[in-house]
Amino acid sequence: MEVKVKPDIKTAFDSYFSKLDSLYRSSFGTKPTVPYSDTLNKALIIGSPDEDGEIQWAPKEQDEKFDWSICEDELGFELSRELKDYYNTFYFFAISGAFGSCELHFYRIDGSESIKNIVLRNYNDAQYTFFATEIFLIGKAVVNDDDNYFIYYDNTTGKLFCYETDTKNEVLLSYSIAKTIESMEAIL
């Protein structure tokens, strides 16, 4: 019997970024692009903006490990290894992909803001919907053509899910950020 090992975040990101690169190369003959702005982290951008104001970019592996006790002391609980790795493995502008009936758009982690600020904001934003939980808001989603969904991660269970607040409809993605990112098909 074959045992499936849950992918780690670095492996998942590598797999996703390879798919994203391939999609852009075959569609446009370029690396992935984002709209240019002076506020973009220069370490991620490649070349100059094109005639449409788009600039090529590439993810960059983070070379500094973050001291998680800073966040954990403020939050009052320990973060899961997977959530720590999600925030502290790569800097990127965009992770968007198709996963089942969902189109997922994870919020950027691009090095322009401290990891502490991102983590605390993602936690505080989730508290509006999931008060007094260990849930983090980490992206937005389109589910069955409805763009009112957001992507949440439950630090206590490892559950990654989409949720729409008006209907209170929840769509389970998986019990692993890495599994979801590795399984997604890159989209433009």
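In this rough spin-label picture, where each label sits 7 Å from Cα along the Cβ direction, the THR157-GLU170 distance is 0.5 nm. What's the angle, to the nearest 10 degrees (0 to 90), between helix 115-127's Cα axis and the longest principal axis of the chain? The answer is roughly 50 degrees.
The local environment of ILE177, defined by Cβ-Cβ distances under 9 Å, has a net charge of -1 under the rule Lys, Arg +1 and Asp, Glu -1. Between the helical axis of 9-28 and the longest alpha-carbon principal axis of the chain there is an angle of about 30 degrees. Derived scalar couplings between HN and Hα for segment 146-163 equal 9, 8, 9, 9, 10, 9, 10, 10, 8, 4, 7, 10, x, 6, 10, 8, 9, 9 Hz in order, rounded to whole Hz, by the Karplus curve 6.51 cos²θ - 1.76 cosθ + 1.60 (θ = phi - 60°), x for Gly and Pro. Per-residue Karplus couplings for segment 178-188, computed as 6.51 cos²θ - 1.76 cosθ + 1.60 with θ equal to phi - 60°, are listed in order as 4, 4, 5, 5, 5, 7, 5, 8, 4, 10, 7 Hz, Gly and Pro entered as x.
Using a probe of 1.4 Å, the accessible surface attributed to ARG25 totals some 120 Å² when neighbouring protein chains are kept in position. Taking a sphere under 12 Å around the Cβ of GLU72 and counting the other residues whose Cβ falls inside, with K and R at +1 and D and E at -1, yields a net charge of -3.
Pairs of Lys residues in the chain that lie 8 or more places apart, or on two chains, and have C-alpha atoms under 17 angstrom apart add up to 25. Among TYR86, TYR175, the sequence by solvent-accessible area, most first, with a 1.4 Å probe is TYR175, TYR86.
Anisotropy class assigned to segment 88-160 is oblate, per the alpha carbon gyration tensor with a/c at or over the 1.5 cut-off and a/b no larger than b/c. By the gyration tensor of its Cα atoms, with a ≥ b ≥ c the square roots of the eigenvalues, what is the shape of segment 1-120: rounded for a/c under 1.5, prolate for a/b over b/c, or oblate? Oblate, since a/c reaches 1.5 and b/c is not below a/b. The mean of 1/r over all pairs of different alpha-carbon atoms in segment 57-188, once inverted, gives a Kirkwood hydrodynamic radius of 15.1 Å.
As a test of reading the structure, rank SER22, SER48 by solvent-accessible area (1.4 Å probe, protein chains only), most first.
Greatest to least solvent exposure: SER48, SER22.
What's the magnitude of the charge dipole for the chain around its Cα centre, counting Lys and Arg as +1 and Asp and Glu as -1 at the beta-carbon? Answer in Debye, nearest 20.
On the way: 18 positive and 33 negative charges, 84 e Å.
Dipole size: approximately 400 debye.
Divide by every residue of the chain the summed helix terms, -39500 (n - 2.57) for each DSSP H run of at least 4, and state the resulting mean residue ellipticity at 222 nm, rounded to the nearest 500 deg cm²/dmol. It would help to have the intermediate numbers written out before the result.
Values: 5 runs with 54 residues, N = 188.
The helix contribution divided over the chain gives -8500 deg cm²/dmol.
With the whole protein complex present, PHE130 retains an accessible surface near 40 Å², based on a 1.4 Å probe.
Over the chain, average the accessible area per residue using a 1.4 Å probe and give it in Å², no decimals. Mind dumping the intermediate values first?
Numbers: 9920 Å² over 188 residues.
Dividing the accessible area of the chain by its residue count gives 53 Å².
The values are calculated or read from the model by the stated rules, or taken from the named source; none is laboratory data. Note that the structure is predicted; figures quoted are calculated from it, not measured. Methodologically, a virtual Cβ is constructed for each residue, glycine included, from the backbone with ideal geometry; neighbour enumeration extends over all protein chains shown. Calculation scope for accessible area: heavy atoms of the full protein, side chains included, ligands and nucleic acids excluded. Shrake-Rupley method; radii C 1.70, N 1.55, O 1.52, S 1.80 Å.
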